[in-house]
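The values are calculated or read from the model by the stated rules, or taken from the named source; none is laboratory data. All figures in this text were calculated on a predicted structure; none of them were measured in a lab. All Cβ positions, glycine included, derive from the backbone under ideal geometry; neighbour counts span all protein chains shown. Heavy atoms of the whole protein, side chains included, go into the accessibility calculation; ligands, DNA and RNA do not. Shrake-Rupley method; radii C 1.70, N 1.55, O 1.52, S 1.80 Å.
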Amino acid sequence: WYDPVDVKSPSDPATVLARRIAAAIRDMIGTPLPDEHGTGARPIQPGDVLILVQRRSEVFHDIIRECKALGLPVAGADRLKVGAELAVKDLAALLSFLATPEDSLSLATVLRSPLFGWSEDTLFSLAHDRGQDYLWAELRARGESFPETMAVLRDLLGQVDYLRPYELIERVLTRHDGRRKLLARLGPEAEDGIDALLSQAMAYERNAVDSLTGFLVWMESDELEIKRQMDSAGNRIRVMTVHGAKGLEAPIVILPDTARRPVRLRDQMARVGDSLIWRMPAAEAPEVQAVVDGAARATQQAERDRLLYVALTRAEQWLIVATSGDPGKEGESWYRQVQAGLERLGARQFDFDDGPGLRYETGTWKGFAAHAPNPGKDQTVQLPEFFHTRAPSPIVPLSALSPSDLGGAKALPGEEGLDEEAAKRRGRQVHRLLEHLAGTPEAAWLGMAGQLLASGPDAAEGQELAQLLDEAARVLTQPALRPVFAPDALVEVPVSAPLVTLGGRRIHGVIDRLLIEPDRILAVDFKTNAVVPEGPEDCPEGLLRQMGAYAEALALIYPDRRIDTALLWTKVPKLMTLPHDLVRQVLVNTHIP
C-alpha cells in the first residue's frame, strides 16, 4: 500500500535482464579470455566489458544498479543529469532551507529525507495545525523534542553565511554523516550524483561569486549534465550509449537494448522544398506530407542501421546480444537483424543458462588456462620515521584580552540609574561627541551633534540630545581640560602588547586620548559614571586595572619616558590622575582564568 504507484516489480523484464547481465559479468570475471591469436589467455577484468544501449532507458539504469548491487566496479552512466538524482534533490532542498528558513516545503522535504530520517507521522504532528507559523518556527518552539535535528540545523545555519557552497555541502556529507545516510537509503549508485554535485559546486565557484543563493539559482536555471570520458574509466565496467562509444573498443561488448523501436517523427513541422507545413496525422496527411515523412523515416532508420554497425564493431572478441522487449518481426529491430546475420553465418543453437539462443564461434577456445600477467617483484620502501609518529597537537594561541574586561567593578557601590546596556550606550554617545567636537568652533556644536547622533543604535534627539551635548560642552569648555583636547593629542589610539604581569597574555585596547610629551606619556580614558569617586583610592577596581594595563603596554612602547594615566569624569567634569603604583598593584592582583 505504501509503495509508489510507479515502482517496478522484481519480475519486470528490464530488471530481470539487468540482473542476469550483472550475474553473467560476475561469473565471467577471472575466467580465461583467449587472445586474438588463439595461443594464450588471460583472466577477464571488469574493464574488458563494455555495455552499449541505444538510449538511456530503464534497462540502462537497471544494469548500473544491479552491477553495483553485486559489488562489481562500474563506471556509472556516461551522462548524468545532476539535478535529477534523488540524493542531489535532498541536498538541494537542504541548501534551499538554509538560504531561506521560511521555505517550509524544503524543510519538510529535508526532514523526510535520509539526512534526518523523520517518519511521515512525526512530520505530520509537527506541521499539522500550526496556524500561520513557518515550519521552522514551529520546529524551534518544539526543539527539545528533536535535539539531534536541531543540533545539525543550528550548526549549518550558523555557518551558512561564512562557508562557500562546496564547503557547506561537504560539511553536511562529512561532519553530519550525510553521505553515509544517503548511500544507506538510496544505494551505492547515489554516490555518482553526490560527487557530481560537489564537482559542480567547485566549478561554480571558479566562474562566479560564491554565494549560496547564486548557486541555487544556477542549479535551477541550468540543466546540469556531466559527460564522463569513458575511455579513462580505469578497470571498471562501462555502460554507455552506442553514439558515445564511437572510437572505443572492448574485448567483450554486450548489447541489451535491441528491442523493436518504432520510428517516430516528433517535429510538428515538415519541410517541403523551401516551405514548411504543419504535420497532420498519418490518416489525414496529404500525399506531399506522406512522401516527406517516408523520406524522414528512411533517414532515421538508416541512422539506426549505422549505429548498429558501430555497436557490432566495438567488440574485439565477444559480442553478446539480448533484449527485454518485443523483438518485433523480421528486420524490425536490432535483435532480428543480428539474428538474421547469425543464421546466415551458420550459428548453431546453444542452451544458455537463461534459455536457448544462437552462438557463433571460430577457432578452438577450449583448454586455455588463465595466466595473470607478472606484476613484478614488490619493492619495499623505507619510510622516514616521521611517517610512523603521530603529529603533536597544535598549540592554540590564547585569545587577546581587553583591558576593560579584566574583572572588577566598573562603578561605585550604590550607583543607580541606567542599566548596563543603557549605560554603555550613553558612554558611546558622549565619547563620540568629545572625539568629534573637540577642535571645532563652539557655534557648530549643535548641528554637528545632531549629525553625529542622527542614526544607528546610538541615535538621540530632542531632550536626550540636549543633555548629551550639555555634558560634552562642559567638558570641552573647562579650562583645566584644554590640554587633553589640544590639537596635537592623539584620538582613539589602538594599543596592543603582551604583558608580563598577565603571564604574557596579549591585550588589545583603545585609549581615548594620548598625549605624547618629551619626557612623559599621558593616557586619558573618558568615564561617564553617574557617581564620581572623591580620589584615586576610591575608584572602582575594574577601572584601575584597565588603566594599569594601558600603563604597562605604553611602558613597552616608550621605555624612555614616564607613563602617567588619568580618568576624565565627564559628569563633573574632572581629570583624576592615577598613581602608577596604585594601578600597577591592582593589575598584579588580576586573576586570569
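Points worth noting:
- Nearest-0.05 FRET efficiency for residue 211 and residue 61, computed from C-beta distance (R0 35 Å): 0.55
- Overall form of region 394-502 per C-alpha gyration tensor (a/c, 1.5; a/b vs b/c): prolate
- Full-stretch length increase - residue 496, residue 137 - with 0.36 nm per residue and alpha-carbon distance subtracted: 124.9 nm
- Rounded to the nearest 20 debye, the dipole magnitude of the chain is 1740 debye, with +1 charges on Lys and Arg beta carbons, -1 on Asp and Glu beta carbons, and the Cα centre as origin.
- Inter-label distance for residue 248 and residue 265, nm, one decimal - labels placed 7 Å from Cα along Cα-to-Cβ: 3.4 nm
- Matching label, Rg and Dmax of the Cα atoms in Å computed from the structure shown, candidates (i) 28.5, 109; (ii) 28.0, 91; (iii) 40.2, 120: (iii)
- Neighbours of residue 481, meaning other residues whose beta-carbon lies under 11 angstrom from its beta-carbon, give a summed charge of +4 when Lys and Arg score +1 and Asp and Glu score -1.
- Rounded, prolate or oblate (a/c below 1.5 giving rounded, otherwise prolate when a/b exceeds b/c) for region 523-593 by Cα gyration tensor: oblate
- Between region 480-502 and region 128-153, the alpha-carbon centres lie 51 Å apart.
- Along principal axes, Cα extents of region 201-351, largest first, whole Å: 62, 51, 26
- For region 104-193, applying the loop criterion from DSSP together with a ceiling of 16 other beta carbons within 10 Å to the trypsin sites (Lys or Arg not before Pro) yields 130, 142.
- For region 60-75, the Karplus equation 6.51 cos²θ - 1.76 cosθ + 1.60, evaluated at θ = phi - 60°, returns couplings of 4, 6, 4, 5, 4, 5, 5, 5, 5, 5, 8, x, 7, x, 10, 7 Hz by residue, with Gly and Pro reported as x.
- The chain: relative contact order in percent, alpha carbon pairs under 8 Å with at least 6 residues between: 13 percent
- For region 1-132, the solvent-accessible area with a 1.4 angstrom probe is 49 square angstrom per residue.
- Relative contact order (percent, whole number), region 263-335, Cα cutoff 8 Å, 6+ residue spacing: 22 percent
- Of all DSSP bridge pairs formed entirely within the chain, close to 60 percent run antiparallel.
- Estimated 222 nm signal from helices in the chain, with DSSP H stretches of n ≥ 4 weighted -39500 (n - 2.57), rounded to 500: -12000 deg cm²/dmol
- Amide H contacts of residue 511 (H built 1.01 Å from N, in plane; Pro and chain starts excluded): 493, 495 sit under 5 Å, all sequence-distant by 5 or more or on other chains.
- For the pair residue 7 and residue 287, a Förster radius of 60 Å applied to the C-beta separation gives a FRET efficiency near 0.80, rounded to the nearest 0.05.
- Probe 1.4 Å, protein heavy atoms only - accessible area per residue of region 161-209 in square angstrom: 54 Å²
- For region 183-333, the antiparallel share of DSSP beta bridges with both residues in that region comes to about 45%.
- Looking at region 236-307, the trypsin sites (Lys or Arg not before Pro) that sit in a DSSP loop and have at most 15 other Cβ atoms within 10 Å of their own Cβ are 246, 260, 264, 266.
- Longest segment of the chain lacking GluC sites (Glu not before Pro) that sit in a DSSP loop with at most 11 other Cβ atoms within 10 Å: 103-222
- Computed from the Cβ-Cβ distance with R0 of 45 Å, the FRET efficiency linking residue 202 to residue 581 stands at 0.15.
- Placing a pseudo-label 7 Å from each Cα along the Cα-to-Cβ vector at residue 421 and residue 360 gives an inter-label distance of 8.7 nm.
- Shown are 398, 265, whose ranking by accessible area with a 1.4 Å probe and every protein chain present, most to least, is 398, 265.
- The orientation-averaged shadow of the Cα convex hull for region 32-133, equal to a quarter of the hull surface, comes to 10.4 nm².
- Among the protein heavy atoms of the chain, carbon and sulfur supply 52% of the accessible surface, probe 1.4 Å, non-protein parts ignored.
- Accessible surface area normalised per residue over region 438-593 is 49 Å², counting heavy atoms of protein chains with a 1.4 Å rolling probe.
- Radius, Kirkwood style, for region 131-285 when every pair of distinct Cα atoms is counted (Å): 21.3 Å
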